[in-house]
Amino acid sequence: MKLRPMRSVLIIPAVCAALITGGCSRTTPVTPVKQQQTEATNDWKAPDPATIPEGPAGESIKLGRQIFLNTPRFAAAYVGNQLSCNDCHIQAGTAAFAAPVVGVPGLFPMYRERAGRVITFEDRIQECFTRSENGRPLPYASPELVGLVAYIQWLSQGVPAGHAFPGRGLVKLPGLHGDAVRGEAIYAKQCAGCHGSDGAGTPPILPPVWGATAYNVGAGISKVEKMAAFVQHNMPQNKPGSLTPQEAFDVSAYVAGKPHPAFNQRYAKY
C-alpha cells in the first residue's frame, strides 16, 4: 500500500463553543450526550491489523501502532511520563468521542490558535509528546514519527480527506463549574479503584492521572472542561457514560487540582 505523505493530527481536540450570528448566547442549547452518540453512528469499521501490508511500509505502520498502544516502551527516548497515546485516544484511536484519530490526517495543515500559526500533522503529534507525554519533540525523519503518521494514515483509509470523522473530538457538555470537594468523593468511589488513591494508576494498563508520571500542565486534558468531556463519555471504564455532566466536571476539577509536572517552555511553539 502506498502511503500518501500527510502533513499533521489533532490528538486532543478542543471542545468547541457554539458561535451564533451576532454574538454568543448564554442559552445556546447543548445537544444531549445520548443524542450526540446516536448521531455519531456510521458504517465505518476499523481496518484489521492482519491487513497491514508486508515490506517497509507495513513495518512502519506496525511500529506506529506499537508506539500508539505503548508509547513509553516504543518511543522511550521522547517520553517523560507513563502515558500512551491510547490512554486518551482509546481503542487504538478509533473510539468515538474519545478524541479518535481516524481521518484526522486529511484535516491538516490547519491553523492552531495555541501555536499562533498553521501547523502540520507532524507538528500536532509533537504537541502530544511535549505536553501529554511530558517529553520532547521527535526528529521529523525519525522512525517513530514516520511510523505514527503511517499508522494513522492506514487507520484512516476510506475516510475522505477534509471530512471530519463522526464522533471526532469529545462530547459537548454544558458550561458547568466543577466542585473539587464533591469531585474527591466521586473519585474515591468511581476512579480510585483503577487510578489509585494517589492518582498513579498501574501503567501501562491503567494510566496515572496526577503526579510525576502524569501529563503536564500544558496538556489539553489538563483543562477541566476537556477532561470533563472525556470523562463523561468514557469513564469509569467498567461503566462509561454513567456520570452526569456535573459529576464529570466535579471529578475533573478534583484531578486538575492535584500536582502535575510543569510544561517545558522551550517547547512552547508546539
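The values are calculated or read from the model by the stated rules, or taken from the named source; none is laboratory data. Only a predicted model underlies this, so the values are computations on that prediction, with no experimental measurement involved. In this analysis, Cβ positions are derived from the backbone assuming ideal geometry, glycine residues included, and neighbour counts consider all displayed protein chains.
Brief remarks on what is shown
- Within region 232-263, the set of residues being under 24 Å from residue 135 (Cβ atoms) and either among the aliphatic types (A, V, I, L, M) or in contact with a Ser or Thr (Cβ under 7 Å, 6 or more places away or on another chain) (or both) comprises 255, 256, 260, 262.
- In this structure, residue 100 qualifies as in contact (Cβ under 8 Å) with a residue 40 or more places away in the chain, farther than 23 Å from residue 256 by Cβ, under 13 Å from the mean Cα position of the chain (by Cα) and crowded, with 23+ Cβ neighbours inside 10 Å.
- Within region 250-263, residues that are among the basic types (Lys, Arg) sit with their Cβ atoms under 9 Å from residues that are surrounded by 24 or more Cβ atoms within 10 Å (Cβ to Cβ), at 6+ positions apart or across chains, in these pairs: 258/209; 258/214.
- Test: residue 209 is closer than 30 Å to residue 57 by Cβ, at pLDDT 95 or above and not polar (S, T, N, Q): no
- Out of 213, 202, one residue alone is of a type in the set (Ser, Thr, Tyr), farther than 28 Å from residue 52 by Cα and without any contact (Cβ under 8 Å) to a residue 12 or more places away in the chain. It is 202.
- One residue from 177, 195, 233, 163 being within 16 Å of residue 87 (Cβ to Cβ), more than 17 Å from the chain's Cα centre (by Cα) and not β-branched (Val, Ile, Thr): 195
- Those helices (runs of 4 or more DSSP H) lying entirely in region 45-103 with at least 3 residues modelled with pLDDT of 95 or more and within 25 Å of residue 233 (Cα to Cα): 56-69, 85-88, 90-93
- Applying the criterion of at least 2 residues that are surrounded by fewer than 18 Cβ atoms within 10 Å (Cβ to Cβ) to the helices (runs of 4 or more DSSP H) found wholly in region 174-270 leaves 180-186, 192-195.
- Screening residue 174 on (1) at pLDDT 95 or above; (2) out of contact with any helix residue (DSSP H, G or I) (no Cβ under 7 Å at 6 or more places or on another chain) shows it passes everything except condition (2).
- Within region 171-194, residues that are over 17 Å from residue 230 (Cα atoms) and free of Cβ contacts under 8 Å to residues at least 40 places away in the same chain sit with their Cβ atoms under 8 Å from residues that are surrounded by fewer than 19 Cβ atoms within 10 Å (Cβ to Cβ) and among the hydroxyl-bearing types (Ser, Thr, Tyr), at 6+ positions apart or across chains, in these pairs: 188/197.
To keep it simple, each residue is scored yes or no on (1) on the phi < 0 side of the Ramachandran plot; (2) touching a helix residue (DSSP H, G or I) at 6+ places or on another chain (Cβ under 6 Å).
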site	(1), (2)
113	yes, no
118	yes, no
135	yes, yes
159	yes, no
169	no, no
186	yes, yes
193	yes, no
208	yes, no
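- Evaluation of residue 51 against the conditions (1) touching a residue at least 12 places away in the same chain (Cβ under 8 Å); (2) of a type in the set (Ser, Thr, Tyr); (3) under 19 Å from residue 151 (Cα atoms) shows that the sole unmet condition is (1).
- Among the residues making up region 104-134, those that are part of a loop (DSSP other than H, G, I, E, B) and either under 28 Å from residue 212 (Cβ atoms) or of a type in the set (Val, Ile, Thr) (or both) are 114, 115, 120, 133, 134.
- Residue in region 140-150 that is on the phi > 0 side of the Ramachandran plot, more than 17 Å from the chain's Cα centre (by Cα) and not in a helix (DSSP H, G or I) present: no
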